[in-house]
1. Can you grab the distance from the C-alpha centre of region A:363-387 to the C-alpha centre of region B:72-126, Å, no decimals?
2. Under a 5 Å amide H to amide H cut-off, with H placed in plane at 1.01 Å, what residues pair with A:Val344 once short-range neighbours are removed?
3. Using only atoms on other chains, find how many Cβ atoms lie within 10 Å of each Cβ of peptide A:384-391 and report the average.
4. Work out the mean other chain Cβ neighbour count within 10 Å for the residues of B:354-366 and drop it here as an integer.
5. Whole number please: convex hull volume per residue, Cα atoms of region A:261-352, in Å³.
6. Mind ordering A:188-199, A:309-320, A:371-382 by average Cβ neighbours within 10 Å, highest first?
7. Where the only charges are on Cβ atoms (+1 Lys, Arg; -1 Asp, Glu), what is the dipole of chain A about its Cα centre, to the nearest 20 debye?
8. Using mean Cβ contacts within 10 Å as the protection proxy, how do B:68-80, B:306-318 order, highest first?
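Where a number appears in this text, it was derived from the coordinates with a stated rule and is not lab data. No experiment lies behind these values; they were computed from the predicted model shown. Neighbour counts are summed over all protein chains in view; Cβ atoms, including those assigned to glycine, are modelled from backbone coordinates with ideal geometry.
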Amino acid sequence: MGVFPAGVGHRMSREPSALPAHPQALSGIKIVEFAVFAAGPMVGKHMGEHGATVVRVESRSHPDGFRVHYPPYKDNIPGLNRTGSFALFNNNKLGITLNLKHPEGVALGRRLAAWADVLIDNFVPGVMERNGLGYEAVREINPSIVYLSSCNMGQTGPKSSQRGFGSQLTSQSGFTYLAGEPHGEPMLLFGPYIDFIAVGFGLIAVMAALDHRRRTGSGQHIDLSQYETGLQFVAPALLEYEAAGRVMTRQGNRSPHAAPHGAYPCRGEDRWCVIAVCSEEEWRALCRAAGHPEWGDDPRFATLAARKAHEDELDALIGGWTRQFGRHEVMERLQAVGVGAGIVSLLSDLFADPQLAHRRVWQELPHPELEKFHYEAPPFILSETPAELSRSPLLGEHNDRVYGEMLGLARAEIERLIEDGVIE
Amino acid sequence: MAVADRPVAGGRPPHAGVLAPYRVLDLTDRDGWLCGRILGDLGADVVKIEPPGGDPGRQQGPFFRDPDPEQNLAWFAYNANKRGITLALETVRGQELLRGLARRADFLIESFPPGHLDARGLGYRALHNINPGLVFTSITPFGQSGPYAHHRGSDLIAMAMSGLMALVGAPGRPPLRVSLPQAAMWTGMHAAAGSLIAHHYRRVTGRGQHVDVATRDSLLWALANAPAYWSLLRQDLHRGGSSIVGRSTTGARMRAIYRCQDGHINFIFYGGEAGRRSNEAMVRWMAECGEAPDWLARMDWGTFNIAVSTQEEIDRLEEPFVAFLAKRTKAEFARESVKRSILGYPVASARDIRDDPQLAARGFWQSVDHPELDATVTYPGPFAKFSAARCGITRRAPRIGEHNAEVYGAELGLSRHDLDALGREKIL
């Protein structure tokens, strides 16, 4: 069975006020987020769950769309603190409200920028500048700031001011064209697929810039185009067009290098397994496991080239077999004999998945308005300093802690700012 | 030799790479190539270690011209910015050589099955003893331990078991993956992120760590907010084809892909203030072309609430848009959507992307010389621009064993004679 790495056992969740049980990778790093939706806030989430102090700046009068417009809501009833999307993307943060339309609000914003090591911005280019918090302005008060600007198209270029959502930008970046049956309509991926690519690259860029700053003292303005991050994932298609003038197209679930390769129906309604046979040994093993060793000798199926030439018949044959069994049974039977197989997981399957449970990916934590919520740990587990999750903030929940303890404002001053609508 | 990236605006000389001082040993196969490529883009010195004869992943096309392991386009894409050496890790001598290299490495990335390197005295604990500061990143389909740790993985299996496939494809038709494999992409990216978080801790404390990356888990974030539906409502979501699900509490579907003259366009009615402006601008364009029915031209988008609209209301609303967009082209929509601030994009192919004026204006494309092919190839550029450091392609992907002399010579003091002997013994 092997030795379990220490990280898996130590991965735990904690109450927001509890001290971490172990040293954390990013303790002491200070992040201020002027960001909304997912592309910016998820970068802060990953850093917060590894120990950074993350201040999420919000507006009560113009709250994050994910607090307002997007289901799911607790009990299907909307509310600023009742949305699953906000919770999922904002664990391990301090939440404050700030009115950047008020000049004193800008001044407080600048104090936060001066406090921070990292500033995360994912507004349309120009918004932060208009609020007096653009890179140049912040650099004057904090010369070594690492300033991540993440937006659709980047800070420059004829389309830089074009607004757009990740769910659609995913189509501009080539993914939608490559999903679907051959000669069929393109298929949507789910939601803002590309935003989460931008998150990963944003996190990488910030971590690299922090290292660079540590060695050189120099800050950085990171100009990240979500579109350009997405293109990293389709590079072979771009090179194929470049080199050979061929436009890669959608091929359903098929692969030029493997057969059988696809989704096959299992017992139950809309229940599927996947099988990916990548060698002749696997093919023979599958035929034996199915109780049909003769399939392997059938001239239509004896080699990869033959199977590709008769792939419709092959898929019908395999589907006729899998149809008799449950998804998990197909997976277990085939994996046991060294054949690649899996289930097409529904959401409910993910929460029952024993491997995800082993890795403690879902961590259900109490929340004042959601009652409890499954936060999601990252896909990488560090052996000594794994992520430690704490719940997402209520709107303005940490105003006192941030303005009072961290920025040192007196109680009376904070109350005055609240009255004047600076702290909303 | 590759052409260096362009100078930054204003003609200042190029900066040093963001991660210039660091050395990476990259033992990955196709499942992990992107991680080292990212660290290489950031300026790290990445040494790709292949079995003698080359990484088997070089065998699967597409290819530049001929089906040749030195012309593999995915190899080119994801192994640019790396030097290349060969090494037989199955041999005792090969294992010694790797230990020698690991002594001075900052990062090691690998994608062998769990236990494979341990069995050869090259696992995390063994190398941590030699180099306690080493960040050792392991990529596997499901993780280093647990009930699925020894399952065979593949792109299709990861896409299926991550939950993403269940959300892609037409209702009533099979669930679908993306035809260009994505699982290794998400994995390589997350592996780089996890490695850099561990790197920070190592810089502060001197201690390396084992970074355990699971391919299947790396795809979970492609589900965006879907898990919240189950957490809050115990609701499963189902694929909607080219319509979106999950925007309405009535369960109504909204079309997101519309046919046009030369392909498809991604356009959706959004809610909120941004949606209102976009929807109004779209209707204005349609009206200018004489294709907006009266009821549509009069519609008050400010009161339109997607979250409570019924399927019948949505279907009726969409009809004139279907007719209008059927007559437009992708390029036309791309132009007008920018001009008119309409939310939406063409469903772009590689050709559409290559022709996008935005990318040209950004200097996104980079020319990379391939003298061995007698060609200069245009590559997609890096994932971000840094104001005070360089990020980009500075060398093409290595040929098999291309840097054996350079790396083994400089690192381990091996002579030409030593290398020849090791080659004859098939250690290199």
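1. Region A:363-387 and region B:72-126 have Cα centres separated by 33 Å.
2. Residues meeting the amide H criterion: A:Trp272, A:Cys273, A:Val274.
3. On the way: counts 7, 7, 3, 2, 0, 0, 0, 0.
Taking all residues of A:384-391 together, the mean is 2.
4. 5
5. In region A:261-352, the Cα convex hull volume per residue is 88 Å³.
6. Working: A:188-199: 27.7, A:309-320: 16.6, A:371-382: 23.2.
Going from most to least packed, we get A:188-199, A:371-382, A:309-320.
7. For this selection, approximately 440 debye.
8. Going by the mean number of other Cβ atoms within 10 Å, highest first, we get B:68-80, B:306-318.
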